[in-house]
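Below is one structure, written out as structure tokens; the observations come after it.
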Amino acid sequence: MSETAELKLDGKSIQLPVLEGTENEKAIDISKLRDQTGYVTLDSGFKNTGATKSAITFLDGEKGILKYRGYGIEELAEKSTFLEVAYLLIYGNLPTKTEIEDFQRKISRHTLVHEDMKKFFDGFPSKSHPMGQLSSLVCSLSSFYPESLDPHQTKEEFELTIIKLLAKMPTIVSWIYKKSLGHPVLYPQNKYDYVSNFLYMTFGQRTEEITIDPVVIDAMNKLLILHADHEQNCSTSTVRIVGSSDCNLYASISAGVSALWGPLHGGANQAVIEMLEKIKNDGGDVDKWVNKAKDKNDSFRLMGFGHRVYKNFDPRAKIIKKACDDILAKLGINDPVLDIAKKLEEVALNDPYFVDRKLYPNVDFYSGIIYRALGFPTEMFTVLFALGRLPGWIAQWKEMRENKEPIGRPRQIYIGEKDRTFVDIASR
Ligand code: CMC
């Protein structure tokens with residue numbers, strides 16, 4: 001596109017290139033702005049700033065569209081497995097039958113984690129949050145596989161690092177869960193596919209054989225697919241920016257896990273259930289809590305409502321709401337917290353405060369209810385989000401490296417003190 005944007009500044013006029021993406025998103029390229037004018041742009045929270053050109057995920061917040069590598073999320077959630085989606089995100093195409101079998105085989109060979117990692121669990125206090133553990137454990141993989149520290153790994157070595165991380169993550173996550181119960185961990189069983197193996201290690205017992213309900217496997221696949229990527233969100237941007245310093249994949253993903261932990265991001269799924277429980281225990285007066293959320297003197301927000309990008313509906317929430325209804329019906333679960341959730345949704349969707357600000361239930365509003373129905377404790381919810389987001393983080397990290405993106409280093413506008421005179425400590 002040869003179109004340019006004209007900027008008039010300090011009596012001068014400069015032309016800024018205009019870019020257009022494949023889905024017709026437009027951007028003004030300001031990469032030479034400071035060189036040309038001495039100015040930088042200021043955009044707190046990066047609400048208008050594109051940090052990269054990416055070919056992985058497209059989302060249109062106004063129309064409620066989400067696509068991975070050009071495939072609509074609805075079709076992927078309906079027709080594919082999480083492992084296929086992981087392959088799609090990381091390598092760019094849906095795998096053939098041979099490719100997915102090969103991928104599964106490679107992953108199966110690396111599902112065990114080093115026995116010494118078990119010792120780490122003894123060091124965590126019993127009440128330590130699973131996300132803190134996950135972040136530490138993922139980072140610690142860099143100690144077991146020091147070859148990953150080399151930013152100039154060959155393609156084959158890098159490929160192995162990816163496989164190891166994908167393979168070990170379900171083992172680590174299930175062990176975090178087992179340790180929280182004080183139960184012995186289960187080793188992976190490579191006869192299972194990726195998601196079934198995770199469920200086996202999580203819900204299996206050493207004392208008896210278990211059968212994993214296909215309904216549960218299907219729900220888990222869907223949930224993980226819906227969380228697999230979401231373009232340049234807080235945790236993904238973190239992964240890319242940490243990786244841009246040539247930091248290894250494990251440490252970069254560990255940083256992403258930490259970014260995801262916050263209740264304004266992935267931690268919202270835990271916060272939603274805690275909020276619903278609170279409302280229930282407070283007598284279930286939904287209006288009271290909606291009014292609290294609207295009150296600008298009250299810091300309370302309706303968790304699971306609103307999204308930085310989706311301003312009409314969250315397509316993931318639409319799919320997950322249906323999955324939620326299905327699984328609760330199939331498992332015969334009658335959850336009073338769900339009744340509160342339904343009331344809250346109804347009140348908020350009809351309240352001008354939420355309607356005017358385009359605040360709709362997001363993916364986290366329903367995911368927690370499903371995780372709860374499947375038997376996961378609340379503190380594990382964000383860890384499950386991380387398990388789902390892993391292929392997206394890897395794909396984004398890989399893309400950033402392949403594009404040879406420069407180190408991420410934003411500018412600022414300094415508003416602090418100017419030239420102060422140093423006063424000796426005795427005189428202060
Ligand atoms: N409850 C009450 N008011 C809200 C909420 C909410 N959940 N979300 C936004 N608002 C209000 C906010 O007070 C502001 O009002 P005003 O214009 O009068 O000042 C307006 O809506 C715009 O909010 P914002 O904070 O400027 O919007 P944002 O784009 O910076 O924040 C958000 C997006 C997701 C952080 C925010 O909506 C929020 O805190 N939601 C609750 C947490 C949550 O559910 N997070 C999960 C997001 S989805 C999972 C993921 O992808 O991470």
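The values are calculated or read from the model by the stated rules, or taken from the named source; none is laboratory data. Keep in mind that this is a model prediction, so the values were computed, not measured. We place every Cβ from the backbone using ideal geometry, glycine too, and count neighbours over all the protein chains shown. Remember, those area values only see protein heavy atoms, side chains included, never the ligands or the DNA or RNA. Shrake-Rupley method; radii C 1.70, N 1.55, O 1.52, S 1.80 Å.
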If the label point is 7 Å along Cα→Cβ of ASP285, which residues in the range 328-342 have backbone nitrogen under 20 Å from it? 337, 339-342
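Once the piece of chain linking LYS342 and ASP122 is laid out straight, how much longer is it, given 0.36 nm per residue of separation minus the C-alpha distance between them? Kindly include the intermediate steps, with their values, before the conclusion.
Values: separation 220, 0.36 × 220 = 79.20 nm, distance 4.08 nm.
Full extension from LYS342 to ASP122 adds 75.1 nm.
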On full extension of the chain, what length is gained from THR4 through GLU159, given 0.36 nm per residue of separation minus the C-alpha to C-alpha distance? 51.8 nm
Return the loop-located trypsin sites (Lys or Arg not before Pro) in the range 336-420 (DSSP other than H, G, I, E, B) with at most 15 other Cβ atoms within 10 Å of their own Cβ; answer none if there are none. ARG357, LYS358, LYS404, ARG411, LYS418, ARG420
Taking loop as defined by DSSP and a crowding limit of 13 other beta carbons within 10 Å, which trypsin sites (Lys or Arg not before Pro) in the range 96-149 fit? ARG109, LYS127
Length gained when the stretch LYS278-THR378 is fully extended (0.36 nm per residue, less Cα-Cα span): 34.7 nm
So what J values fall out for the range 68-76 if you push phi through Karplus, 6.51 cos²θ - 1.76 cosθ + 1.60 with θ = phi - 60°, rounded to Hz, Gly and Pro as x? 9, 6, x, 9, x, 4, 4, 5, 5
Quick query: amide H of GLY306 versus all other amide H atoms, modeled in the peptide plane; which residues come in under 5 Å with a sequence gap of 5 or more or a different chain? TYR360, ASN362
Contact order normalised by length for the chain, with contacts defined as Cα pairs under 8 Å and 6 or more residues apart; what percent is it? 20
Give the ranking of TYR353, TYR187, TYR366 by solvent-accessible surface, highest area first, calculated with a 1.4 Å probe. TYR187, TYR353, TYR366
Looking at the range 16-91, which chymotrypsin sites (Phe, Trp or Tyr not before Pro) are DSSP coil and have at most 15 other C-beta atoms within 10 Å of their C-beta? TYR39
Given points 7 Å out from each Cα along the Cα-Cβ axis, report the GLU75 to ILE413 separation in nanometres with one decimal. 4.5
FRET efficiency for ILE425 and ASP326 from the Cβ-Cβ distance with R0 = 60 Å, rounded to 0.05, comes out at 0.30
Provide the per-residue ³J(HN,Hα) series for the range 238-245, in order, calculated from phi with Karplus coefficients 6.51, -1.76, 1.60 and θ = phi - 60°, each as a whole number of Hz, with x at glycine and proline positions. 4, 4, 5, 6, 5, x, 5, 8
Two-site label geometry, THR52 and HIS152: point separation in nm, points 7 Å out along Cα→Cβ: 2.3
With the crude spin-label approximation of a point 7 Å out along Cα→Cβ, what separation in nm comes out for PHE313 versus ASP35? 4.7
